[in-house]
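Asker: This is the structure I have questions about; it appears just below.
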Amino acid sequence: MCNFNECINDNKQSIQKERLFMSVRLFRLAIERWNLSRQECAFLFRKYDIFGYIADAYEEFHEQGDEANIEDIEAYLTAKGAIVDDAK
């Protein structure tokens, strides 16, 4: 059994891993959905800080499915003036 601080640190590391996994999953989904290369998608994610947006929205995002999350990201990008081609 871990002491309190060890358990807190383990929990923080677990959440960080989950956020990373979600970010990668949504990045790959965006590539497919928007018909972009990895480089084009990375540029878009960096320009609009999508990875930061995912981290900030993690609590909500982990309750939803990927489809709802990517739609949320699309709405965020549209509000920022970005144009994404939804090639579904």
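Each row is one residue, and each column tells you yes or no for (1) surrounded by 13 or more Cβ atoms within 10 Å (Cβ to Cβ); (2) of a type outside the set (S, T, N, Q).
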site	(1), (2)
31	yes, yes
49	yes, yes
55	yes, yes
65	no, yes
69	yes, no
83	no, yes
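Asker: What number of residues in region 33-45 are assigned to a helix (DSSP H, G or I), closer than 18 Å to residue 78 by Cα and either touching a strand residue (DSSP E or B) at 6+ places or on another chain (Cβ under 9 Å) or not basic (Lys, Arg) (or both)?
Answerer: The qualifying residues number 7.
No value in this document is a laboratory result; all are computed from the given coordinates. Everything numeric here is computed off the predicted structure, so don't read it as measured data. Cβ coordinates were reconstructed from backbone atoms using ideal geometry, including for glycine residues, and neighbour counts include every protein chain displayed.
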